[in-house]
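Down below is the structure, laid out as structure tokens.
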Amino acid sequence: MSYLSVSTWSLHRLLGPLRWTAWDAEQRQHIIHEQMQPQEHTLLELPAIAAERGYQAIEVCHFHFPDTSLAYLHRLRDAFQAAGLSFDTLLLDYGDLTSEDEVRRSADQQLMREWIDIASECGAKQIRIVAGEASPDNEQAISLSAEALSSLAAYSAPRGVRVVTENFKPLTSTALTSERLLDLAGEQVGFITDFGNYKGAAVAEEIARTTPRSVSIHAKADFDEAGIPNELPFVRYLEAAAGAGFDGAYVLIYDGPGDMWKGLERVRRIVEPYIH
């Protein structure tokens, strides 16, 4: 049964500072860059607000966590439970499983394990891990990523969290390489299909290929300077997903100008007829 979800990226101008993770090649360690943003809602308040607006689930970007202490994570878990909302996916936006720098690759995988632990403590069902930034025609990188994803999935399973990846960053920028990666990684690794991350003339066809293996789709349109979605291609992508039998979370994405909740409502109007 499909249902309506929202990503915290669609509200990033409302949730306070963004805390971006990066690799410092000189210090050989991870660093955090804080980007200031207004805060109209706290992350703890968001589940109740989203539930009131008719959403059934949220995907939370890792850079929106203001705190990763156990006390805070349990408060966040409780906020989702109190709102009757599903914490579907923790979106870890950082990491390169295909880095040629072995020190960084090892450090990134350790960081991913730490975020799996965080996902478990705050009640997230899944964690999205970036497959890698190597070229999609690099077969060795695909194998390396698949092996790492399988290892992370084995780590996460007893913690009650499923590892998923996405057509996000170069390695999975085509349906062909996404399918190849999933075949190698095994059924324990899931997928998210993002409408905005396939490029070229065959986007609808690529969406149709990976949505049957996806736990969610990121329903992302292009927007004009007024925040109005370009409806024709967006509907074509939705039709492709529906035609492929997609039956999961429709995660609304809005990153256009103006009021983000109003922007989400414009996207929602187009998406809702496909939810059953």
Mind checking whether some residue in the range 81-91 is assigned to a helix (DSSP H, G or I) and among the polar types (S, T, N, Q)?
-> yes
Out of the range 144-171, which residues are open to solvent by less than 50 Å² (accessible area, probe 1.4 Å) and assigned to a helix (DSSP H, G or I)?
-> 145, 146, 148, 149, 150, 152, 153, 156, 171
Matching residues in the range 1-17 - criterion: being under 20 Å from residue 192 (Cβ atoms), at pLDDT 95 or above and of a type in the set (A, V, I, L, M) | 4, 6, 11
Going through the range 117-128 in order, the residues found to be out of contact with any Asp or Glu (no Cβ under 6 Å at 6 or more places or on another chain) and closer than 21 Å to residue 167 by Cβ are 119, 124, 126, 127
Count of residues meeting criterion [touching a residue at least 40 places away in the same chain (Cβ under 8 Å) and in contact with a strand residue (DSSP E or B) (Cβ under 7 Å, 6 or more places away or on another chain)] in the range 66-85 = 1
Sort out which residues of the range 18-34 are open to solvent by less than 60 Å² (accessible area, probe 1.4 Å) and either within 20 Å of the chain's Cα centre (by Cα) or not acidic (Asp, Glu) (or both), and write them in order of number.
-> 18, 19, 21, 22, 23, 30, 31
Specify the residue that is farthest from residue 112 (Cα to Cα); the eligible residues are those in the range 30-58 that are assigned to a strand (DSSP E or B) and out of contact with any helix residue (DSSP H, G or I) (no Cβ under 7 Å at 6 or more places or on another chain).
-> 39
Among the residues of the range 239-262, is any within 19 Å of residue 14 (Cβ to Cβ), in a loop (DSSP other than H, G, I, E, B) and open to solvent by less than 50 Å² (accessible area, probe 1.4 Å)?
-> yes
Looking across the range 42-53 at residues that are of a type outside the set (A, V, I, L, M, F, W, C) and open to solvent by 30 Å² or more (accessible area, probe 1.4 Å), the single one that is nearest to residue 125 (Cα to Cα) is 45
What are the pairs, 6+ residues apart or on separate chains, where a residue within the range 1-30 that is free of Cβ contacts under 8 Å to residues at least 24 places away in the same chain has its Cβ under 9 Å from a residue that is of a type outside the set (A, V, I, L, M)?
-> 24/30
Could you please tell me which pairs satisfy a Cβ distance under 8 Å, a separation of 6+ or placement on different chains, a first residue in the range 263-276 that is open to solvent by 80 Å² or more (accessible area, probe 1.4 Å), and a second residue that is hydrophobic (A, V, I, L, M, F, W, C)?
-> 272/4; 276/1
Among the residues of the range 172-189, is there at least one that is open to solvent by 20 Å² or more (accessible area, probe 1.4 Å), assigned to a helix (DSSP H, G or I), under 24 Å from residue 29 (Cβ atoms) and not aromatic (Phe, Trp, Tyr)?
-> no
Note down all Cβ pairs under 6 Å where the first residue falls in the range 113-132 and is touching a residue at least 60 places away in the same chain (Cβ under 8 Å), the second is open to solvent by 10 Å² or more (accessible area, probe 1.4 Å) and in a strand (DSSP E or B), and they're at least six residues apart or on different chains.
-> 126/162
Could you list, in sequence order, all residues of the range 67-106 that are touching an Asp or Glu at 6+ places or on another chain (Cβ under 9 Å), surrounded by 13 or more Cβ atoms within 10 Å (Cβ to Cβ), of a type in the set (A, V, I, L, M, F, W, C) and over 17 Å from residue 55 (Cβ atoms)?
-> 73, 97
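The values are calculated or read from the model by the stated rules, or taken from the named source; none is laboratory data. Note that this is a predicted model, so its numbers are computed, not measured. Heads up, the Cβs are rebuilt from the backbone with ideal geometry, glycines too, and the neighbour counts pull from every protein chain shown. Keep in mind that these areas ignore ligands, DNA and RNA; they rest on the heavy atoms of the full protein, side chains included. Shrake-Rupley method; radii C 1.70, N 1.55, O 1.52, S 1.80 Å.
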